[in-house]
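Reviewing the structure listed below.
The values are calculated or read from the model by the stated rules, or taken from the named source; none is laboratory data. Since the structure is predicted, the reported quantities are computational estimates derived from the model, not experimental observations. Here the Cβ positions follow ideal geometry from the backbone for every residue, glycine too, while neighbour counts run over all protein chains shown. Side chains are part of the model used for accessible areas, which takes the heavy atoms of the whole protein and leaves out ligands, DNA and RNA. Shrake-Rupley method; radii C 1.70, N 1.55, O 1.52, S 1.80 Å.
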Amino acid sequence: MNLQPYREKLLNIIIDLIENNGVTQFYSGFRGDFDRYCCNLINELKHIYPQIKMTLVLSYIPEQKKDPDYNFSLPKCFDDSVYLLERKVPKRLAIIETNKCLVDLVDFVVAGVMLHCGGAYMACEYAYKRKKPIINIIDGWEI
């Protein structure tokens with residue numbers, strides 16, 4: 001998905017969350033184009049809003065490779081990472097369950113959902129049921 005046409009809209013949403021809603025903590029699973037694009041925008045805004053933080057939400061605990069010197073490498077746009085699952089779930093459900101935990105944690109959900117299927121849609125559907133504000137950049141989209 002080419003997100004460049006949504007750049008100004010996303011910047012305005014993020015700035016509004018910071019300036020008018022007191023948001024200083026942002027989270028991302030960093031899995032798709034939308035996640036990566038938003039992370040980069042938030043990272044760009046850190047020089048204007050040094051109080052904002054970006055946290056990588058892990059769906060899986062990083063496994064140590066066979067090399068004993070292996071260390072998990074946090075992508076540069078993140079300040080830290082968190083693993084939210086409190087119970088063991090099958091690997092195929094880890095992202096879905098992590099998304100639910102994340103929705104429960106946050107005050108707002110910013111999305112780039114176009115289809116009524118997939119993990120991002122399921123997260124927005126869950127957020128809707130939990131009465132969380134959903135800000136979707138795609139015009140005309142509804143749950």
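For region 74-129, taking the residues that are acidic (D, E), free of Cβ contacts under 8 Å to residues at least 40 places away in the same chain and not in a helix (DSSP H, G or I), the one that is nearest to D16 (Cα to Cα) is identified as D79.
No other residue among V57, V89 is of a type in the set (V, I, T) and in contact with a strand residue (DSSP E or B) (Cβ under 9 Å, 6 or more places away or on another chain) apart from V57.
Count of region 1-36 residues, restricted to those that are over 18 Å from S81 (Cα atoms) and either in a helix (DSSP H, G or I) or of a type in the set (D, E) (or both), is 20.
Would you check which residues across region 23-49 are under 18 Å from S59 (Cα atoms) and hydroxyl-bearing (S, T, Y) and list them?
Restricting attention to region 23-49, the residues satisfying the condition of being under 18 Å from S59 (Cα atoms) are 26-36, 39.
Of everything in region 23-49, those that are under 18 Å from S59 (Cα atoms) and hydroxyl-bearing (S, T, Y) turn out to be Y27, S28.
Taking R36 as the residue in question, decide whether it is surrounded by 14 or more Cβ atoms within 10 Å (Cβ to Cβ) and either at pLDDT below 95 or under 13 Å from the mean Cα position of the chain (by Cα) (or both).
Numbers: surrounded by 14 or more Cβ atoms within 10 Å (Cβ to Cβ): yes; either at pLDDT below 95 or under 13 Å from the mean Cα position of the chain (by Cα) (or both): yes.
Here the answer is yes, as R36 does meet what is asked.
Is there a residue in region 45-59 that is open to solvent by less than 60 Å² (accessible area, probe 1.4 Å), in a helix (DSSP H, G or I) and under 17 Å from Q25 (Cα atoms)? Yes; the residues of region 45-59 include at least one that is open to solvent by less than 60 Å² (accessible area, probe 1.4 Å), in a helix (DSSP H, G or I) and under 17 Å from Q25 (Cα atoms).
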